[in-house]
Amino acid sequence: MGEWAYGLFGCFDDLDEFFTGLLFGPVTVGRNAVSAGISETCCMGGACLFVPVFNILHLWKIRNATLEKFGIEEGFVMKLAALCCFNVCSQIQIARQYKQGPGEAVARA
């Protein structure tokens with residue numbers, strides 16, 4: 001199985017993506033939702049962040065769809081930590097993974 005092309009704290013390596021995610025979080029989430037196939041438009045994908053409870057489910061769906069698309073295995077605790085504690089870095093990690101292109105996850109033996 002593949003692994004993330006960038007680690008969770010690799011968000012600091014790409015400053016453009018980092019500041020976009022930090023200052024304009026809904027834009028990053030919207031782009032990720034479109035890339036993951038969760039939403040048809042960036043606006044709808046980002047607007048879901050403003051709906052209580054649904055926002056958590058939306059972020060969870062984006063991460064799970066990305067994991068499935070790239071064949072990455074990740075434990076429940078890591079998903080929960082990425083979602084609840086490090087959400088900005090998590091969304092940047094997902095955005096950078098999609099920049100790599102489909103099926104280009106790093107495979108480690």
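Read-outs throughout are calculated quantities, based only on the coordinates presented, and are distinct from any laboratory measurement. On a predicted model such as this, the values are computed, not experimentally measured, just so you know. Positions of Cβ are generated from backbone atoms using ideal geometry, with glycine treated the same way; all protein chains shown enter the neighbour counts.
Using amide H atoms built in the peptide plane, which far-off residues or other-chain residues are under 5 Å from residue 39 H to H?
When sequence neighbours closer than 5 places are left aside, the close amide H contacts are 34.
Loop only by DSSP, 12 or fewer other Cβ within 10 Å of the Cβ. Give me the trypsin sites (Lys or Arg not before Pro) in the range 9-109 that pass, ordered by residue number.
Numbers: sites: 31, 61, 63, 69, 79, 96, 99, 108; in loops: 108.
Counting only loop positions with at most 12 other Cβ atoms within 10 Å, the trypsin sites (Lys or Arg not before Pro) in the range 9-109 are 108.
I need 29, 34 ordered by Cβ neighbour count within 10 Å, fewest first.
Details: 29 28, 34 19.
Exposure proxy ranking, most exposed first: 34, 29.
Computed FRET efficiency, Cβ-Cβ of residue 43 and residue 3, R0 25 Å: what is it to the nearest 0.05?
Numbers: r = 32 Å, r/R0 = 1.26.
Computed FRET efficiency for residue 43 and residue 3 comes out at 0.20.
Read through the labelled values (i) 25, 15, 9; (ii) 36, 25, 12; (iii) 20, 15, 14 and report the label of the one computed as semi-axes √(5λ) of the Cα gyration tensor in Å from the structure.
(iii)
The range 10-86: which GluC sites (Glu not before Pro) are DSSP loop and have at most 13 other beta-carbon atoms within 10 angstrom? Please list the in-between numbers first.
Details: sites: 17, 40, 68, 73, 74; in loops: 40, 73, 74.
Sparse-neighbourhood loop GluC sites (Glu not before Pro): 40, 73.
Give the long-range amide H neighbours of residue 3: residues separated by 5 or more places, or on another chain, with amide H under 5 Å away, using H modelled in the peptide plane at 1.01 Å from N.
Excluding prolines and chain starts, which carry no amide H, the hits are 106, 107, 108.
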